[in-house]
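In what follows, a structure is listed as structure tokens, so that the remarks can point back to it.
The values are calculated or read from the model by the stated rules, or taken from the named source; none is laboratory data. This is a predicted model, so every value here is computed, not measured. Positions of Cβ are backbone-derived with ideal geometry, glycine not excepted, and every protein chain shown enters the neighbour counts. For the accessible areas, the whole protein counts, side chains as well, though only heavy atoms, and no ligand, DNA or RNA atoms are used. Shrake-Rupley method; radii C 1.70, N 1.55, O 1.52, S 1.80 Å.
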Amino acid sequence: MKLTGLMRRHNNETRMKKIISTLLLCTVFVSMVKGQDPNFSQFFASPLTLNPALTGKFDGVMRVAGNYRDQWPTINNAYVTKTISVDFGILKNRLSDIDHMGMGIIAMTDRAGDGVLVSNSAGLSLAFHKGLDENGYHQIGAAFQGAYTNKRLDVTKVVFEDELTPFGFVPGTTGEIFTNKQINVSYMDINAGVLYNGSTNGYNNFYFGASMYHINRPKESFQGGQFILMRELLCKRVVKFQSVRIITCIFPQSIVCKRKHITRLLVAHLHTM
């Protein structure tokens, strides 16, 4: 009897640990549903998700960028995000040497809670940069980005609060009502950005830019509630120091992100040779 009681107690403790872990994950999941966008620690490697005005703003013919993020991998693939983008210059023969126009395409997929919430989006960016001096050392640009987003919620994988009873976790007893096992929501999203870049000698560069995401504040709800995405403002500063004789570049950069009452500061440093 004593051994049986100890085994029962051990099983209950193990079950409670699983329940607590699941509830913690669901809490994070709910916070994410409120409208947080995926963020990358190496934000400088994802230009089209940082500022649409960076579209086509590079030295070269075409730029391809890809990102993969696996956050908290020990918690059953809590957040897995993948992006790929390509951008290039257009109308080069019709613009002056100091002006520039760029176009870009970006696709993103994000899986949260081991596939509980899957988000897919594809967007198109168009940017124009106007030269301010005869050498093209100073430019100011503006861009717009339109994106189509689809989010799918797998109800069979969701854990609800009312499924936790005094006798333990009882799946399938929630009072939440869903018409399908998988629910989809789709919407169009509009983003915009501005960017100023300058140089004192043609080798060094400094960038100051700002971008606004979810300008049209699309509605994001699976059950008809009034959940509207909050606008997000991003401000970026980049300074590039390049030696004239030695091919080496130093890129100290930072961004400030603000959404409603939340402000984030990210600082990065990149050194290339």
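Give the carbon-plus-sulfur fraction of the accessible surface of segment 33-119 in %, rounded to a whole number; probe 1.4 Å, heavy atoms of protein chains only.
Here it works out to 55 percent.
When Lys and Arg each count +1 and Asp and Glu each count -1, what net charge do the other residues less than 11 Å away from GLY89, Cβ to Cβ, add up to?
Taking every other residue near GLY89 into account, the sum is 0.
From the square roots a ≥ b ≥ c of the eigenvalues of the alpha-carbon gyration tensor of segment 124-210, which class results: rounded (a/c under 1.5), prolate (a/b over b/c), or oblate?
On the way: a/c = 6.99, a/b = 3.32, b/c = 2.10.
Judged from the Cα gyration tensor, segment 124-210 comes out prolate (a/c at least 1.5, a/b above b/c).
Which entries in the list LYS82/LYS130; LYS57/LYS82; LYS157/LYS219 go over 28 Å, if you measure between the two C-alpha atoms of each?
Those over the limit are LYS82/LYS130.
Distance between Cα centroids, segment 159-177 to segment 38-90: provide it in whole Å.
Their Cα centres are 39 Å away from one another.
Can you work out ³J(HN,Hα) from phi for every residue in segment 184-197, in order, using Karplus 6.51 cos²θ - 1.76 cosθ + 1.60 and θ = phi - 60°, giving whole Hz and x for Gly and Pro?
10, 9, 10, 6, 9, 10, 10, 10, 8, x, 10, 8, 10, 9
Given an 8 Å cut-off on Cα distances and at least 6 residues of separation, report the relative contact order of segment 127-176 as a percent.
21 percent
What does the charge add up to near ASP110, with Lys and Arg as +1, Asp and Glu as -1, over the other residues with Cβ less than 10 Å from its Cβ?
+3
Just the accessible area per residue of segment 27-131, please: how many Å² with a 1.4 Å probe?
50 Å²
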